[in-house]
Amino acid sequence: MTADIYPNPVSATSYISFALRSSDCNVKIEVIDLLGVVVHTLYDNIKVKRMTPEIVQFDSSDLPSGIYSIVFSVDSGERIAHELIISH
């Protein structure tokens, strides 16, 4: 899986793009704070049927400024994380 977040740092809306290495996978995308608490779930085991890049819009205006992790999990066990900086 590949993933990117832009813009980063973000003040309100960011875009998260990701592409899978295989098709027909369940994807979970979570926003996690520095304490390890899931503060937002963007995808919750959503079936992604293609390997072309997907783009998800994320509105971070309800979260306080700070450093977060965007964690991508696939049912195959693959998991990656990217740092997201929110600055209002």
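Where a number appears in this text, it was derived from the coordinates with a stated rule and is not lab data. Just so you know, these numbers come straight off a predicted model, no measurement behind them. Methodologically, a virtual Cβ is constructed for each residue, glycine included, from the backbone with ideal geometry; neighbour enumeration extends over all protein chains shown.
Taken about its Cα centre, the chain carries a charge dipole of roughly 280 debye when the Cβ of each Lys and Arg holds +1 and the Cβ of each Asp and Glu holds -1. Across the stretch 2-86, the relative contact order, built from alpha-carbon pairs under 8 Å that are at least six residues apart, equals 35 percent.
Okay, which of the stretch 54-75 sit inside 17 Å, backbone N to the point 7 Å along the Cα-Cβ direction of HIS40? Zone members listed by number: 55-73. Eigenvalues of the alpha-carbon gyration tensor of the stretch 25-76, scaled by 5 and square-rooted, set the equivalent ellipsoid semi-axes at 23, 12, 8 angstrom, largest first. Kirkwood radius for the chain, taken over all pairs of different Cα atoms as the inverse mean of 1/r, rounds to 13.1 Å.
Note down the nm distance, to one decimal, between modelled labels 7 Å out along Cα→Cβ at ASP24 and at HIS82. Those two pseudo-labels are separated by 2.7 nm.
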